1. Output the residues belonging to the stretch A:367-393 that are assigned to a helix (DSSP H, G or I) and under 20 Å from the mean Cα position of the chain (by Cα).
2. If B:Gly163 meets every condition in (1) surrounded by 23 or more Cβ atoms within 10 Å (Cβ to Cβ); (2) without any contact (Cβ under 8 Å) to a residue 60 or more places away in the chain apart from one, which number is that one?
3. May I ask you to list the residues in the stretch B:78-107 that are at negative phi and part of a loop (DSSP other than H, G, I, E, B)?
4. Would you mind finding the one in A:Leu85, A:Leu143, A:Leu136 that is within 11 Å of another protein chain (Cβ to nearest Cβ) and either under 30 Å from A:Tyr175 (Cβ atoms) or touching a strand residue (DSSP E or B) at 6+ places or on another chain (Cβ under 7 Å) (or both)?
5. Go through the stretch B:44-99 residue by residue and tally those that are over 27 Å from B:Ala134 (Cα atoms) and not small (Gly, Ala, Ser).
6. State all residues of the stretch B:268-306 that are over 20 Å from A:Lys101 (Cβ atoms) and surrounded by fewer than 20 Cβ atoms within 10 Å (Cβ to Cβ); if no residue qualifies, say none.
7. Output the helices (runs of 4 or more DSSP H) that fall wholly within the stretch B:287-373 and possess 2 or more residues being in contact with a Pro (Cβ under 6 Å, 6 or more places away or on another chain), or say none.
8. Looking only at residues in the stretch A:315-328 that are in a helix (DSSP H, G or I) and touching a strand residue (DSSP E or B) at 6+ places or on another chain (Cβ under 8 Å), which one is surrounded by the most Cβ atoms within 10 Å (Cβ to Cβ)?
Amino acid sequence: MNKQPRVVVTGIGIVSSIGTGRKPFWKALTAGTSGISRITTFDTTGFKCQFGGEVHDFSPERYIEKRRVKFLGRASQLAIAASSLAIEDAGLVPDSIAHSKTAVLLGTTMGEKPLEDLVQSWVKVGIRDLDRRRILQASANNLSANVALYFKTKGQNYLFPTACAAGNYAIGYGYDLIRNDGIDYVLAGGSDAFFYVAYIGFQRLYAMSPDRCQPFDKNRKGMMLGEGSGMLILERLESALDRGADIYAEVLGYGLSCDAFHPTAPDPVGLAKSMKNALAQSGLTYTDVDLICSHGTGTPSNDKAEAQAIKSVFKDRAKRIPANSIKSMLGHCMGAASAIEAASCCLAIKDGIIPPTINYETPDPECDIDCVPNIARKKTVNVALNNGFAFGGNNSCLVLRKFKK
Amino acid sequence: MDRKRIVITGVGVVAPNGIGKEAFWQALKEGRSGIKAITLFDTSPFLTKQAGECSDFSPEEHLGSKGLRNLDRATKLVLSATKLALEDSGYILTDQNRDDTGVVTATTLSVINNISEFTKEAQDAGPQFVNPAAFPGTTINSPSSQISIRFGIKAFNSTVSTGYTASLDALKYAADFIGLKRAKAVLVAGVEALFFQSFLGFNKLEFLAGIKGEEISCPFDKRRNGIILAEGAGAILLEDAADAQKRNARIYGQLDAVKTFFDPFRTGKYNPKADGLKRAMQAVLKDAGIEPSSVDYILAAANSVVNQDAFETRVIKETFGNRASKIPVSAIKSMIGESISAAGILQIIAGIGAMEHQILWPTINYKEKDPKCDLDCVPYKSRKGTVNTVLINDFGPGGNNASALFSRWHNE
Amino acid sequence: MAPKNFEVIKQEVKKAVAAIIEIPESKLTDDIKFIEDLGIDSMMALEIVASIEKKYKIVIPEEDIPKMRCLRDIYNSLEKKL
């Protein structure tokens, strides 16, 4: 039997509220830059929260052929831009991946933005003047199809709407496909645009902070909504070595689990299981981990449950493993979150710098882990875990390791 | 990957023409259509009036009367199908096997109903007064999560939303997870519900039959001019063969291969060369290690769309050569309509029924021949046939293509 | 329009809450505790609050929600606001 190929990350593309492109993003992230600003996408009158992590300076024409832009919803635009950046970052050209051994896997929470415009039009005006183009763009599967279409890929094409964990689901399955399906390249990640429904929904659950995200802080008031896209190029190791590609990290495996508990409330046992599964799948133990990029949304319930889960998995080491949350800076980018966070793990491994959890002021005895408060930390990171926990008990944990031959 | 033998040990279905596997298969046998005048919403704004509605569906009958209040129709459909599949399989979920049991659900469009309702409430009552319990349903992973909560499934729960191929894509994902030993049993479910907004959308895109021609689902027929939209839900239990045998499970059949490919042509348009579908079919045959001559029966993706049916016919001919004219190719969407993400799972369950009963399901409403679709579509009536292997196709405009091969269980 | 008799409002509230919790109104006494006695979860609690807010066009501050432990607490809160 053939030995299964190893899987490495060779390209990173990011569109975020703190920077577009790997370099600007990483520079801003390690500097503890907040991407939270006053919301402009829609009217926030009457709501407690006026702030979010919108991407203000995104010009789709910079990354996408002009004539195609109007046929793409915002989430697709963000994803194609991030994909384009990832391909370039990997030292590839689109032609390199335009074949049947390339899989395109996307994760999302809310799907395509034209759906929201369409629904609002229907609600306010009725069915008469609905825009045909928007109807065609509305369903969520457009997101994964648009990326594959743009880059003319011919392998597997999946859309995982597993919400706040979706990026990990996509990247994880990409790892599976390279190892088991003879796939050479995977373009995997997540994308979400700023959705009014999400903004209202999280506030109606009292899960949103009025102004800033303070993961693990005693006085944390909730999450902040964000948007963006993170896309990675995963590649067979041999292929990467053959072409002398720069390798960020190796994907060692991932673990999923399901709480089977509640549509929104997290279960620490389920969260812990996903981390344990991830370690087991990767042939590691809890002593091997140097960094946990936590889900850390800043809600009272998630952070408490996650801290509990970390302590149960990592036992005596729990308080000494850095467990940062970059949602403190970006807000919660929904389907893009775990993909952007996976990218930040790769960069932490590559550069030996852990981005901080900003806005941290008061320790919480129930979250007594090392969240790398406020200032980035220089530290060698060999193994990083990336947590993504979604509504409905969709738990995921991705394992990345410094590449060694 | 350990190429375990993956078998189907349980089946549950809520289809427009039958609820439960026996009723569904009986309806297919009799050529009974589930397409009828829509009762779920007012169709007066539209030219077309029909759909494959599960009009006999009563959620309370399957799920009890409590805890359904905030669940949308799609969730109730798929929970019911899943319950039927689990009961059919005899697989009892306990604390000993929950962590070895997973679920993957195929669904894409039904969330649009929930997002619409949520937005409408925000508009009517004011956004500050929207019901918080309505929010979780606005994400597409909600039905699958509800399955995991209701039945206590803990290994993993994933959702796949690739439209027409979602069920087969979910099937592949589930089979991969069993092969990778991440679970010993995985429920594969598929669902789309019928609701106003999707009917409206398909009407506006003029993708429905009855706008440019007769309002009828007549795959392969010259009169075909669009789909009849439908709803439905199905679920199958996939298990590793060794585990299934260990618990003396009744094995319906084995999954030989499933493949999915993207064909980058143009948004919402069919590639006239149908390369993606061809690739999928050929890859399935290759992966299963069988010759085209060993395929007994094809359950087509054909859905009464001019291009879809013609292109599938051509690809079948290109793949099977001279043998193509001898392979029965049924279009069950003639009876159940086009249920997008649920189509595949309903086709799979139909395929299992065909193997169980050694019967070929009919393509009904077949009246006028089309030289571009001149295969044996088992017209008008079902008939007896040798069905040891079934090939299932799914695709649509927009690029996704998938194919799967099942065969009768060979105990080795 | 004359303001509704508060007794009428109490009946409306009882009916709405019973429908959300899915128990007969007869079982929903004024003092039976939602969480401890009836086992409702956090989502249902939010739903109850949201339905009261929507029906009577009031806003119940987040801090007050944990204090709504039974029907009587809701009645008291409503009476103050209406």
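1. Going residue by residue through the stretch A:367-393, those that are assigned to a helix (DSSP H, G or I) are A:367, A:391-393.
Passing the criteria: A:Phe391, A:Gly392, A:Gly393.
2. For B:Gly163, the exception is condition (2).
3. Kept after step one, since they are at negative phi, are these residues of the stretch B:78-107: B:78-89, B:91-107.
Matches in the stretch B:78-107: B:Tyr91, B:Ile92, B:Leu93, B:Thr94, B:Asp95, B:Gln96, B:Asn97, B:Thr107.
4. On the way: A:Leu85 fails: within 11 Å of another protein chain (Cβ to nearest Cβ); A:Leu136 fails: either under 30 Å from A:Tyr175 (Cβ atoms) or touching a strand residue (DSSP E or B) at 6+ places or on another chain (Cβ under 7 Å) (or both).
Of A:Leu85, A:Leu143, A:Leu136, the one residue that is within 11 Å of another protein chain (Cβ to nearest Cβ) and either under 30 Å from A:Tyr175 (Cβ atoms) or touching a strand residue (DSSP E or B) at 6+ places or on another chain (Cβ under 7 Å) (or both) is A:Leu143.
5. Residues of the stretch B:44-99 that are over 27 Å from B:Ala134 (Cα atoms), as a first pass: B:44-50, B:85-99.
Going one step further and asking which of them are not small (Gly, Ala, Ser), we end up with B:45-50, B:86-88, B:91-99.
Summing the residues that are over 27 Å from B:Ala134 (Cα atoms) and not small (Gly, Ala, Ser) in the stretch B:44-99 gives 18.
6. Those that are over 20 Å from A:Lys101 (Cβ atoms) and surrounded by fewer than 20 Cβ atoms within 10 Å (Cβ to Cβ): B:Gly268, B:Lys269, B:Pro272, B:Gly289, B:Ile290, B:Glu291, B:Pro292, B:Ser293, B:Ser294, B:Val306.
7. Because the criterion is at least 2 residues that are in contact with a Pro (Cβ under 6 Å, 6 or more places away or on another chain), the helices (runs of 4 or more DSSP H) in the stretch B:287-373 that meet it are B:306-320, B:333-336.
8. Going through the qualifying residues, I end up with A:Ser328.
The values are calculated or read from the model by the stated rules, or taken from the named source; none is laboratory data. Just so you know, these numbers come straight off a predicted model, no measurement behind them. Ideal geometry is used to build each Cβ from the backbone, glycine not excepted, and the neighbour counts take in all protein chains shown.
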